[in-house]
Amino acid sequence: MIKVNIEVNNKLWNEKLKNPKRYFNKKLKKISKIIKFFKNRNITFTILLTNSLDMKKLNKKFRKKNKSTDVLSFPSFEIKKLKSMKEKEIYLGDIAASYEIIKSRVKNDNFFQEFDKVWVHGLLHLAGYDHIKNQDYYKMSRIEKRILNSI
């Protein structure tokens, strides 16, 4: 089972996403069946629904990049440790998502489709996936598409 803690610090999110807990819970049930690591575990993560200014501050502080971005992931574990973990209760880490950047990418007025792409991408980073090497990019991309098609 996957659980999410949700922090909202931007009123635009409250206007767009009326019941974030229900929104995520419905989708997370499906994801736990796709990612092997999540099976038979109690996984928890936190998502901060914020704005582009706060994302810029986080990006500068933690990645030394003085610009905003759509999503940031802050894993609790290094990839090697995560893959070898036997614990059943795991706090994966934190994700931050920017309302304005997601909204600016929306095509055909489907905000939630773009939002799902962003937070799923962030969740996969918490789960140890990355896209630095081409083979890793293709692997992460395949899993991301499977998840997005299922939710």
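Give, in nm to one decimal, the length gained when the segment between Lys18 and Ile151 is fully stretched (0.36 nm per residue of separation minus the Cα-Cα distance).
46.1 nm
Could you sort out which of Lys33/Lys145; Lys56/Lys107; Lys57/Lys81; Lys3/Lys26; Lys67/Lys117; Lys29/Lys133 sit more than 18 Å apart by Cα distance in this structure?
Lys56/Lys107; Lys57/Lys81; Lys67/Lys117; Lys29/Lys133
Roughly how many Å² is the accessible area per residue of the stretch 24-151, as a whole number, for a 1.4 Å probe?
Value returned for the stretch 24-151: 60 Å² of accessible area per residue.
Given Cβ point charges of +1 (Lys, Arg) and -1 (Asp, Glu) and nothing else, what value in debye, to the nearest 20, does the dipole of the stretch 10-151 about its Cα centre take?
300 debye
For the stretch 85-151, state which trypsin sites (Lys or Arg not before Pro) are in a DSSP loop and have at most 12 other beta carbons lying within 10 Å of their beta carbon.
Here the sparse-neighbourhood loop sites are Lys86, Lys88, Lys107, Lys133.
Tell me, what is the percent relative contact order of the stretch 24-151, built from C-alpha pairs under 8 Å that lie six or more residues apart?
It rounds to 28 percent for the stretch 24-151.
Which of Phe77, Ile35, Phe111 sits farthest toward the positive end of the charge dipole of the chain, with +1 on the Cβ of Lys and Arg and -1 on the Cβ of Asp and Glu?
Ile35
With the cut-off at 1.5 for a/c, could you classify the stretch 1-96 from its C-alpha gyration tensor as rounded, prolate or oblate?
oblate
Considering only DSSP beta bridges where both residues belong to the stretch 35-100, give the percentage that are antiparallel (nearest 5).
35 percent
How big is the antiparallel share of DSSP beta bridges in the chain, given as a percent to the nearest 5?
25 percent
The values are calculated or read from the model by the stated rules, or taken from the named source; none is laboratory data. Quick caveat, the model's predicted, so the values are computed rather than measured. Heads up, the Cβs are rebuilt from the backbone with ideal geometry, glycines too, and the neighbour counts pull from every protein chain shown. Areas reflect the complete protein model, heavy atoms only, side chains present, ligands, DNA and RNA absent. Shrake-Rupley method; radii C 1.70, N 1.55, O 1.52, S 1.80 Å.
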